[in-house]
Each structure stands twice: as C-alpha cells, then as structure tokens.
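The values are calculated or read from the model by the stated rules, or taken from the named source; none is laboratory data. Computed from a predicted structure; not experimentally measured. Cβ placement follows ideal geometry from the backbone for every residue including glycine, while neighbour counts extend to all protein chains displayed.
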C-alpha cells in the first residue's frame, strides 16, 4: 500500500494533466458532432493520421506549431470526408467511422515507411516542450503540476468553458442541439440541418486532429504505429460519461488520464502488480464506467439518423 501511495506524487498529477490533453481534445470534438446528431467512431483513425501528418509537418517545416496546424488540417479533412459520406450520401455512420479507423491504421503505417524509410521510422522531430510560468512554477507541489505544462494543455483546459458557453449560451449552440434532437423541426424555423451538421463534424475532426498531433509532438516526439492506442475509443466513452457536456468531459478525461498515468507511474515505481494488468487498467476502467453509466445516459434524439430535405 505504501508503494501505491508513493506513486501519487507531483509527477503523477502532472502526467495526468498531460495525458488528459489529447483525450480532452477528442472528447470535446465528439461532444460537438454527437450533439449535432452525427456519430463519429472514426476519432481513433483521425487522431492517428493527425499524429502522423503532424510529425511530417514539423519535420519538413522545422516547427512544431506548423506540425500542429497540419494535424488539425488533416483532422478536419478526414471529418469532412466522414460528413460527406454520412450526411450527404446518407451512408451508415458507424460503417463510415469504422472505415476511417481501418484506413488510418494501414495508411499511417505505410506512409511513415515511405517517407522516413524502414530504418528511421521513429525519427525525432521538432516538438513542444513544457512551459514554466515564472514564479508560479516555483510554488511547492502545485507549481510543477499546473505551471510546468505544455502550452496545449492550457489550450485544452481553456476550451472547456469556451465550448460550454458556445453550446449553452449562444444561438449557434442552440442550432447544434436542435439539429441533433429534431432536424425536421429545426428546418421549419430556418435552420439548415445539413450545413450545421457539416460544420460541427468538421470542427470535431479538427479537435481530434489537435489531440492526435499533441500525442506525437507533445509526448513521444516521433510517430509510432498505432500510437493512439485506443484513445479515440476512450474519448467516445468519455462523451457518454460526460453526458455530452464539456464540463463533464473534463472530469471524465481527468479520470481516464489519471488511469493512464497510474499505469505508467506504477510500472516505473515497480509496484507488485503484473505489468499486463497495469497496461489494461485504463481500458478496463473504460468498460466499467460504460457499464455503470452507459444505460443511464440518453444522447440526442436524432443521433445517427440521416436527414433528408422534405
């Protein structure tokens, strides 16, 4: 027990925030498109492709910020494809998202070998470093946790209140909610459900792209096959746990991020627990939370349903 509590130090909580960040970007994106009535299980593949393109962008430009931009851009582009297939062509949204995941795994593995070669796949690229806030970072315990983080950690945290205000206090947020609940009724009052859903899905992909790019540019500093490691699916679970609310998303992602940090810190501290158990802990927690809250959470009424102009 003493060894377990020794893991819960400042490094653990700092790692929790860092590991929460890509999940939070993807979860906020998932909330946005699902509130508009579109399911996107392709967050995993979107994040993976964004992680790859972010690495390419950072390598060829010499700038991590440009790498982030390219990751966001590819995330939005992939989401646009999903929107076209599922909204315009009215294809099954689950099938479309699954195709994105499958293509993302295969295409990213192929491209990294084509561009960097077989022997240099894990090439370290220009990346984000933690930023120390003057004076505040020197505060005992709190300083290293809150004020020695990557800049994108603060961006992700700031997005939570911004998205809450947008969704619940602006006309556009009400439009998103209305097309997710009853697109036909929305159309009768002058709202364009197709356009609103397109915008929501593309923004969702851009956010997932930011999360994927942060994984490669803020954590590993290189690309690795299947490096997203199920975080896109965990983000989908976090959307349900959060009840499609950005504040709930922060809480959910902190829980999942903490579980991820615990398995890393636990292995490093040599806890007397099989490392296989530590590796599977975040995913077991995800399933447990879905079992507990999944049946009680009710999503938008028209989620997954294609809309046709009358």
In the set 157, 141, which member is closer than 30 Å to residue 193 by Cα and touching a residue at least 24 places away in the same chain (Cβ under 8 Å)? 157
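Table: residues versus (1) at pLDDT below 90; (2) surrounded by fewer than 13 Cβ atoms within 10 Å (Cβ to Cβ); (3) in contact with a helix residue (DSSP H, G or I) (Cβ under 9 Å, 6 or more places away or on another chain); (4) over 16 Å from residue 15 (Cα atoms).
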| site | (1), (2), (3), (4) |
| --- | --- |
| 243 | no, no, yes, yes |
| 246 | no, no, yes, yes |
| 254 | no, no, yes, no |
| 273 | yes, no, yes, yes |
| 278 | yes, no, yes, no |
| 285 | yes, no, yes, yes |
| 297 | yes, no, yes, yes |
| 307 | yes, no, yes, yes |
Search region 113-132 for residues being touching a residue at least 60 places away in the same chain (Cβ under 8 Å) and touching a helix residue (DSSP H, G or I) at 6+ places or on another chain (Cβ under 6 Å), and hand back the single one that is surrounded by the most Cβ atoms within 10 Å (Cβ to Cβ). 125
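Residues checked against (1) part of a helix (DSSP H, G or I); (2) closer than 18 Å to residue 199 by Cα; (3) at pLDDT 95 or above:
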position	(1), (2), (3)
11	yes, no, no
41	no, yes, yes
50	yes, no, yes
72	yes, yes, yes
95	yes, no, yes
102	yes, no, yes
Look at residue 163 and say whether it is buried (at least 19 other Cβ atoms within 10 Å of the Cβ), modelled with pLDDT of 95 or more and over 23 Å from the mean Cα position of the chain (by Cα). no
List pairs: first residue in region 203-216 and under 15 Å from residue 81 (Cα atoms), second residue outside any helix (DSSP H, G or I) anywhere in the structure, Cβ distance under 9 angstrom, at least six positions apart or on different chains. 204/36; 204/38; 204/40; 205/40; 205/42; 208/40; 208/42
Qualifying position, being modelled with pLDDT under 95, crowded, with 18+ Cβ neighbours inside 10 Å and either in contact with a strand residue (DSSP E or B) (Cβ under 7 Å, 6 or more places away or on another chain) or in a helix (DSSP H, G or I) (or both), among 202, 176, 234: 234
